[in-house]
Amino acid sequence: MLQVHAIVLVAHDGAPRLGRVVAVRLPSFCKVEWPAADGPEVVRVALDALLAVLSLPAADLPAAVARLAAARARTPADAVETAWSLLLGQPCGTGEVAQLLYGAQGPAERDDALLVAGLDDDAFRLDRSQLLPRSPDERQALRTQRQRRAELDAQLATWDEALRHLATGRRLANAQRDAMSADLLAWLADADRGPVTSGWVERKGCTGAEASRAVRELLVLLGTFDPHDDPAVLRHAATLPDHAFSDIPPSLPADLPHSELPWVTIDNDDPHEIDDAVHVAQSGDGYALAVAIAYPALWFGPEHPVDRAARARGATLYHPRTVCPMLCDRIGREVASLVAGAWRPALVFQAEVTADGTLRNPRVAEQWVRVRWAWRYSAVDTWLAGEAGDPDQVACARLLWQFAQLREQRRIADGAWLLYRPEVDVRAPRFGAVRILDASQSSPARRVVTELMIAAGVAAGQLGRDLRLALPYRCQPPPHKPPLPPGLYTDAAQVAHVLRATQPSSTLTEPGGHSLMAVPHYVQVTSPLRRYSDIIAHRQFAAHLRGRRPVDAAQVQAWLAECEPEAARLRSWQRTADRYFKLLLLAGHGQGRVWQAQVVRPLAAGVLAFVPELALDVPLRSRTLPVGQWCTLLVRGADPGRDRLEVAVV
């Protein structure tokens, strides 16, 4: 029976180790002490990992190490090799090897044979206290493995010293910590870019998710990694190449006209890129509409590396931690972005809007545009609420609001449902607190932008139909038995009620209607800096304007087959990340807090409630709460990693 203080050989990390038993827990495991770089180490070992138990106990670990040294000293040179050649291919016991090595088979000789032949040499392998000869191929593989491990030990000597420092509670020098962190982060993005980390992972013998977890844990230990970082985001960001290109679009016509319209942009407080600018003027009893859109397709063709990378990404990922752009910043945020005060090439869609809101006579042109005013949603909302501001800007904002209301009325009369459920932007900076920013589309400023962008998409759709262009038309069949009449809805339960009756929308290369928006034809063209399907549409219009033959529907469909699935995956990824950090906020500071929620629809095992302040869906087990009713939820606990939220209705 295994006893405390026994000297044993155990299998650990694919190799035999010498140690002393310090505790036995029958029938499953024991604890073994063995030498390590930082002093004795105690490891839990399964009993089936025991290779051999030596016959003589040792009082302490140094005595066991001394026994090994003595056994090596008394073993004649080349004696193991000779024994191996004599016993090759034949089963052999410890006594036979001891007889060949020492001329005797006593307990001490058997122990020494185990220590020397079983621990130090490639000639034999241990199997339940038996020494079995290895084949030449096995021996060569072991030599190669040992040589590789020695190379890794040399490569990782600095890291090993740093980890010993960290294990004793000491801090690393900033330069060393930064160098290790840079290599670890590079490996998370692309294993080929982190050579030292690759060696460290190889030596640990872990792969896949286990390797990523080990690297993240080391980064946390170094203090340069937030436990809530997502390595997949790092990998996604690292896949974007930054190829060289000219600052002046090589395909830009020399005689491109300069627009003198006072263009306006309306965006968030800190926009990542600026895709579009707008202008509306009164024209008779109606309006003249113009929407200028960034024109990144001028800088690269369909086979350019930048285009292939953008097509593979499909869209920009707006993750709570960071923005992973579809296009490199030099294009998306600089030379193509419609920043205020700078001349930029643009694809400009224009149309007349009649007194009843009908859009007519759509046109498209290439032009240089210069944005006069860069507005934020919050500023526009204050002006429209009656606060004072620059008279010219306030007058322009009010004109845009009048235009937007007219278009809303027109679309509702045509059968549109304007659904504006509360929305939020989630910001979760590394090592920082989670912030929830209101992003509801129901404010006047956001409704202005919505209507202008829809109008541009309608103009593009009508032009595409008239010109017979293969474009990414967004189409949606009519809903099944709509529960509410067309109109503008901001109540979350009503929005959910309408959405449950709608049919899925799709992207087709032939024109078709979009029932929810109540427009005859619609093409997304207003976000080419963050959505690849818009670039496809821009290319088709550019070919028409320049007298070239646009690509056919099969080619457009092939491009869409590349970009659309990835864009959908990124949208799902963003929703999942948003929910994770909302739950993280509740896990940290939200426990014990109450939130107002509205029941929006029934579930199989209860109801689904919606928390407007967080734009968060919360399943409840209650069967007594009717749809539409408001209730108060008390947060009792949250686990973002498992997507669990425990609440009580109070």
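The values are calculated or read from the model by the stated rules, or taken from the named source; none is laboratory data. It should be emphasised that the depicted structure is a prediction, and the values quoted were computed from it without experimental measurement. Neighbour counts are summed over all protein chains in view; Cβ atoms, including those assigned to glycine, are modelled from backbone coordinates with ideal geometry.
Some observations on this one:
- Residue check for GLU408: more than 24 Å from SER505 (Cβ to Cβ) and of a type in the set (Asp, Glu): no
- Any hit, the range 280-287, residues being of a type in the set (Val, Ile, Thr), assigned by TED's automatic domain parsing to the domain that holds VAL426 and closer than 20 Å to ILE535 by Cα: no
- Filtered residues of the range 171-205 (kept if of a type in the set (A, V, I, L, M, F, W, C), surrounded by fewer than 16 Cβ atoms within 10 Å (Cβ to Cβ) and outside any helix (DSSP H, G or I)): ALA173
- Note on the range 566-608: among residues that are small (Gly, Ala, Ser) and either touching a Cys at 6+ places or on another chain (Cβ under 7 Å) or within 19 Å of PHE431 (Cβ to Cβ) (or both), the one that is surrounded by the fewest Cβ atoms within 10 Å (Cβ to Cβ) is GLY588.
- Criterion: surrounded by fewer than 23 Cβ atoms within 10 Å (Cβ to Cβ) and either of a type in the set (A, V, I, L, M) or touching a His at 6+ places or on another chain (Cβ under 8 Å) (or both) - qualifying residue of ALA315, ALA277, ALA281, ALA294: ALA281
- Test: residue in the range 357-368 that is modelled with pLDDT of 95 or more, outside any strand (DSSP E or B) and in contact with a helix residue (DSSP H, G or I) (Cβ under 8 Å, 6 or more places away or on another chain): yes
- Check on VAL196, modelled with pLDDT of 85 or more and farther than 22 Å from LEU529 by Cβ: yes
- Residue within the range 415-423 that is farther than 14 Å from ILE266 by Cβ, in a helix (DSSP H, G or I), among the acidic types (Asp, Glu) and assigned by TED's automatic domain parsing to the domain that holds GLY487 present: no
- The residue list ARG571, ARG601 contains one member that is part of a helix (DSSP H, G or I) and either in the same structural domain as VAL426 (by TED's automatic domain parsing) or in contact (Cβ under 8 Å) with a residue 40 or more places away in the chain (or both), which is ARG571.
Conditions tested, residue by residue: (1) in contact with a Cys (Cβ under 8 Å, 6 or more places away or on another chain); (2) modelled with pLDDT of 95 or more; (3) over 30 Å from ALA365 (Cα atoms); (4) of a type in the set (Phe, Trp, Tyr).
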position: GLY432; (1), (2), (3), (4): no, no, yes, no
position: ASP438; (1), (2), (3), (4): no, no, yes, no
position: LEU452; (1), (2), (3), (4): no, yes, no, no
position: LEU467; (1), (2), (3), (4): no, yes, no, no
position: ARG474; (1), (2), (3), (4): no, yes, no, no
position: PRO478; (1), (2), (3), (4): no, no, yes, no
position: LYS481; (1), (2), (3), (4): no, no, yes, no
position: PRO485; (1), (2), (3), (4): no, yes, yes, no
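- Yes/no for ALA385 being among the hydrophobic types (A, V, I, L, M, F, W, C) and either closer than 15 Å to TRP263 by Cα or crowded, with 19+ Cβ neighbours inside 10 Å (or both): no
- Looking at ALA292, ALA288, just one residue is part of a strand (DSSP E or B) and more than 30 Å from GLU423 (Cβ to Cβ), and that residue is ALA288.
- Conditions (1) part of a strand (DSSP E or B); (2) under 24 Å from ALA439 (Cβ atoms): number failed by GLY637: (2)
- Complete set of residues in the range 130-144 that are assigned to a helix (DSSP H, G or I) and either touching a residue at least 12 places away in the same chain (Cβ under 8 Å) or more than 18 Å from TRP200 (Cα to Cα) (or both): PRO136, ASP137, GLU138, ARG139, GLN140, ALA141, LEU142, ARG143
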